Every structure is written in structure tokens, then in C-alpha cells.
Amino acid sequence: MNYNSTRGGEKNVSPSMAILKGLADDGGLFMPEYIPAFDFDIRSMCGRKYQELAYEVMKLYLTDYTEEELRTCINNAYDSKFDTEEIAPLAYADGAYFLELYHGATIAFKDMALSILPHLMTAAARKNDVTDRIIILTATSGDTGKAAMAGFADVPGTGIIVFFPKGGVSRIQQLQMTTQKGDNVTAVAIHGNFDDAQTGVKKIFGDKEFARELADRHVRLSSANSINIGRLVPQIVYYVYSYVKLLEAGKISDGDKINICVPTGNFGNILAAYMAKLMGLPVAKLICASNDNKVLYDFFETGCYDKNREFVLTDSPSMDILVSSNLERLIYLSCGCDAVKNAELMSELSSKGRYAVTKEMKDSMADFAGGFATEAGVHDRIRSLYDATGYVIDTHTGVAAAVYDDYAEASGDKTVTVIVSTASPYKFSKAVVGAIKGELPEGADDFEIIEELRELSGTQIPAAVAELKNAPVRHTAECEKTDMKETVRKAIEWVS
Ligand SMILES: *Cc1c(COP(=O)(O)O)cnc(C)c1O
């Protein structure tokens, strides 16, 4: 199986090379030349471990990895970093199943892919005789940075430098990054906002002269962002797993269709669900849940993608996105993998900020149902779910739960539904406790609110949060937004 760029400029790239490169040279995203069908009976996976299922699914995409390489990557990723052997447990509450993807090192769903990506990358480097050190460069608005740092920490042959906006992330998020252990990691606060950090990182990636200078130092920069095919493929696994869990529990019969509802930002997670469906997983609707930044909802309604709108800051910050980069892969699939057509639409997106798909393309996306939830709707759903069942969800999952309720009521659709739960409520304690109680105790600090959440939910505070209180701060570097390249030059020493 080889990979092609969605924009046509690069073809027949091996899986391991696609993972090493991240983005195609023409700015497109790598896609497999066909979507493989399962070569096993889903029912036969009942009783098998997450790691075994992961192998069966991923081997269909990562065909140039040997069985031993792939199994080693999987076993190094899905181990005791997760606080449950199930890795991705399914919890029933108030009419739907919540697929909890937050049991990894940083208690959010990005761990599902970022705990395996470093291993896939180092194996890919070995396969392709790349001996340079791989340094990951990332700009983060909070979640990705920490998950990437945790994933790459102490992985031999790699290093990671994360830029976050000083004052632009929550106190907990900042502590998560600045206290991260590992000799090959660092986080730098930039004097600017997330866009400044993002723009600076992109500029460094595009700097050919700098790349040559780094090559002389035996360093190659790479990115861990969600368009890397090495993040997409591992995400297909848990959708199949959730289906197997429902089968095991006798909640569905073999072949029954389920709905999947995903709180969506960059469109990576829900795209993985769609790929699972194309591979043969019995899925009826894919419900794409947005917050007030409802550009995807509007797209599924009208067939027109338009990012020219006000950017809204919400309590589900990982979904505050106006350009969902992974949507490009759906666009590409929807026009029969016509790279010329896709490239044309993407160039309209960058020149005008909008594009419209054809009627045929829109019709081919009929499996998707878009929905959005307002901030008040999210808070109401977090509270009503808690009142009805005692089960506590975070704000991102709250978006999905609110959207699912609206969908079920409007459509009358009674299909068994899996709602993807993307973060532990402890990661967004303030908003969650505020939603449940209607107010926050005056002047309460983050750790007091976390304690309050523990009492409300009757759950244990995850180690990832408890540790932060007394963890020493290890990364204190700051830089001006104009100084990022110089900082990278120096930081490569710190992470080597
Ligand atoms: C990244 C993230 C999302 C959005 O996922 P996409 O794959 O970008 O659509 C939702 N919830 C949480 C908590 C996240 O960290």
C-alpha cells in the first residue's frame, strides 16, 4: 500500500516515508491509494486485547512495517501509561455509550495517537536509513503540546520543542508542559498568541537554508500535528474496538449498525471513524459535533465551507478551529480522489477563505450529520447528565452529548450510539464544576476546584493532575515571537 498526496504532487510514497514526512511537498495530505477492507471477521475480535486489535487494523495501512516492528510500536504505546488495561473503555450513561479516550498520560484523546507516533517515526527512520536526530517542532494552544511532549519523552533518536503562547493557556495546561520530565523535551513560552506561535513554526519548517544548517548538525525537523497519517491510522482502532465491546456485552448483534458522535475540531477523529466505516465497520450516521465555531455544521448543511467569520473562544478550546485541516481528506474522497479538483478547492480556501463542493460531492457525504451546541447548551447537558446518572463529562464531550440529544430528538433515530469522550473532566475542572453547580466558589484556585470535582463525581483524581501540584517546573524558557528560529537553534542542544 502506498500513499498519494491529496493535491497530486507526490505519488507512491511508502507508509513509513509518509509518516516521516508528515505533509506532502505540494502542501497536500497523504492518503492511502485505497481504503483496505478488514481481512478478519469483526466478531472474531471479541475477547481480544486492544493491542491485538490495533495490530490487525494498523497492519492494513502500514504495510512496510514488519509484524515485529508494528507490534513493538503498539506495545510501547499502549502500556501502563494508560490507567486501565482496556485502554479505551466504554461507559453507558443516559441513553448512549461514552467511549472514553482519556485514560492515557495526559488524560485527553490526543494520547491515543501521540503515544504511538514517536515509535512509528523512529521505526520509519531506521527503515529509511535516516540517521539524523528527529526533532519535533510544535506550536500548541494547550493540549497537543503536552500530549506530544509526553509521547516523545525519552524516545531515543528524538527530541521535542514546544512553543506555547505565554498567558494563552490555562494554568493547568502550562504546568503540564513546564513540568514534563524527559531529557529530550522542552517547552518555550512565546510573547505572542497562538497564531504567532503557529506562524513562526510554519516559517521555520519552510526555511530551506535552516534545514541545510540543521542537516549539517545531523538534525531533521518534523511535525507531530494531526495531519500526519501516523496519527490518523491509530485512531481507526478504537472505533472497531468500541463495536467489539458492544458485541461482547450483547448490546448489539453482529452486523447491527451503530451511530458515532464525535466532538470535532480539526476533523481528524471523526475522519478515522469514517475510514473505519469504509473498511467495513457497520456504522449508520457519523454525527459531527461543533461548538460555537460551527464552520463544519454550516458546511454539512450547505456544501459551502466558509472560514470568513468571527472566531469564538469557548470552554471547549480544542475545538475552537476555523480551518479543519483533515477535512481535506474527506473532500478528496468525495470527488473520487480527484487531486486536481481537491487542489482547486484548497487554493480557493487559501485565497478567498471559502469554497463550495459540487452536488455529487455533497451527496457522497450523506453519512455525516452536522450539529452544534452553544455554551449554554453544553453546560445544561453536563449538568443534566450528572443529575440523571452521576456521570461527569468534560466540555468537549459535552458538545457531543448536547448535539447527540438534539439529533436524537429531531430525527427519532434510535440506533445504538457511541459518543466519543475526548478529555477527562479533570482537565477542564473549572468549566465542568461551574456547569454542574451553576457557579464557582469565589476565589477558588484550580486545585480546590479539582478537589470539588472529586467530591462531586466520586472518581479518583488522575495521577496526571494530582502530580502537578508539587511537580518541579523544569522548562522556563521564554522568547520573543521574532526570535523563534534562534531559540530553536539553541533548544536543539537542550533536547539532545
Ligand atoms: C483535539 C481535540 C478534539 C478535536 O479533535 P479533532 O481530531 O481535531 O477533530 C476534541 N476534544 C479534545 C479534548 C481534543 O483535545
(Q) Condition (residue is part of a loop (DSSP other than H, G, I, E, B) and surrounded by fewer than 18 Cβ atoms within 10 Å (Cβ to Cβ)) applied to the range 290-300: is it met by at least one residue? (A) no
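Scan the range 323-341 for residues that are more than 16 Å from the ligand (Cβ to nearest atom) and either open to solvent by 50 Å² or more (accessible area, probe 1.4 Å) or touching a Pro at 6+ places or on another chain (Cβ under 7 Å) (or both) and jot them down. Give the steps one after another, and end with the answer.
In the first step, residues of the range 323-341 are kept if they are more than 16 Å from the ligand (Cβ to nearest atom); the result is 332-341.
Matches in the range 323-341: 336, 337, 338, 340.
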Q) Is at least one residue of the range 59-76 closer than 23 Å to residue 125 by Cα, under 21 Å from the mean Cα position of the chain (by Cα) and without any contact (Cβ under 8 Å) to a residue 12 or more places away in the chain? A) yes
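Every residue in the range 170-182 that is hydrophobic (A, V, I, L, M, F, W, C) and open to solvent by 20 Å² or more (accessible area, probe 1.4 Å), please.
175
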(Q) Restricting to the range 395-412, and then to whatever is over 30 Å from residue 468 (Cα atoms) and within 16 Å of the ligand (Cβ to nearest atom), can you tell me which residue is surrounded by the most Cβ atoms within 10 Å (Cβ to Cβ)? (A) 403
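Identify, from the list 104, 95, the residue that is at positive phi, in contact (Cβ under 8 Å) with a residue 12 or more places away in the chain and out of contact with any strand residue (DSSP E or B) (no Cβ under 7 Å at 6 or more places or on another chain). It would help to see each step written out before you state the result.
On the way: 104 fails: at positive phi.
Answer to the check: 95.
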Q: Name, by its number, the condition in (1) within 10 Å of the ligand (Cβ to nearest atom); (2) over 28 Å from residue 354 (Cβ atoms) that does not hold for residue 288.
A: (2)
Q) For residue 320, all conditions in the list (1) within 11 Å of the ligand (Cβ to nearest atom); (2) of a type outside the set (Lys, Arg); (3) buried (at least 22 other Cβ atoms within 10 Å of the Cβ) hold save one; what is the number of the exception? A) (3)
Q.
Being in contact with an Asp or Glu (Cβ under 8 Å, 6 or more places away or on another chain) and either surrounded by fewer than 20 Cβ atoms within 10 Å (Cβ to Cβ) or farther than 25 Å from residue 144 by Cα (or both): is that true of residue 313 here?
A. yes
Q.
What's the number of the only condition in (1) within 25 Å of residue 411 (Cβ to Cβ); (2) modelled with pLDDT of 95 or more that residue 319 fails to meet?
A. (2)
Q. Quick check: is even one residue across the range 469-478 within 14 Å of residue 161 (Cα to Cα), among the acidic types (Asp, Glu), open to solvent by 80 Å² or more (accessible area, probe 1.4 Å) and under 27 Å from the mean Cα position of the chain (by Cα)?
A. yes
(Q) Restricting to the range 342-394, and then to whatever is aromatic (Phe, Trp, Tyr) and away from the ligand (no atom under 16 Å from the Cβ), can you tell me which residue is least open to solvent (accessible area, probe 1.4 Å)? (A) 355
Q. Is there any pair linking a residue in the range 303-327 that is on the phi > 0 side of the Ramachandran plot to one that is buried (at least 16 other Cβ atoms within 10 Å of the Cβ), with Cβ under 6 Å and at least six apart or on different chains, and which?
A. 303/357; 303/362
Q) How do the strands (runs of 3 or more DSSP E) wholly within the range 183-288 filter down when requiring 2 or more residues that are touching an Asp or Glu at 6+ places or on another chain (Cβ under 7 Å) and either open to solvent by 50 Å² or more (accessible area, probe 1.4 Å) or among the small types (Gly, Ala, Ser) (or both): which remain? A) 185-191
Q. Which residue pairs have Cβ atoms under 6 Å apart, sit 6 or more places apart or on different chains, and have a first residue in the range 141-153 that is closer than 16 Å to residue 265 by Cα and a second that is within 10 Å of the ligand (Cβ to nearest atom) and among the aliphatic types (A, V, I, L, M)?
A. 143/108
Q | Filtered residue count, the range 333-360, keeping only those that are of a type in the set (A, V, I, L, M, F, W, C), without any contact (Cβ under 8 Å) to a residue 60 or more places away in the chain and within 21 Å of residue 308 (Cβ to Cβ) | A | 4
Q) List, please: which pairs have Cβ atoms under 8 Å, are six or more places apart or on different chains, and start with a residue in the range 413-425 that is in a strand (DSSP E or B) and within 12 Å of the ligand (Cβ to nearest atom) and end with one that is modelled with pLDDT of 95 or more and of a type in the set (D, E, K, R)? A) 421/100; 421/394; 423/394
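The values are calculated or read from the model by the stated rules, or taken from the named source; none is laboratory data. Since the structure is predicted, the reported quantities are computational estimates derived from the model, not experimental observations. Positions of Cβ are backbone-derived with ideal geometry, glycine not excepted, and every protein chain shown enters the neighbour counts. Each accessible area value is taken on the protein alone, full model and side chains, heavy atoms only, with ligands, DNA and RNA left out. Shrake-Rupley method; radii C 1.70, N 1.55, O 1.52, S 1.80 Å.
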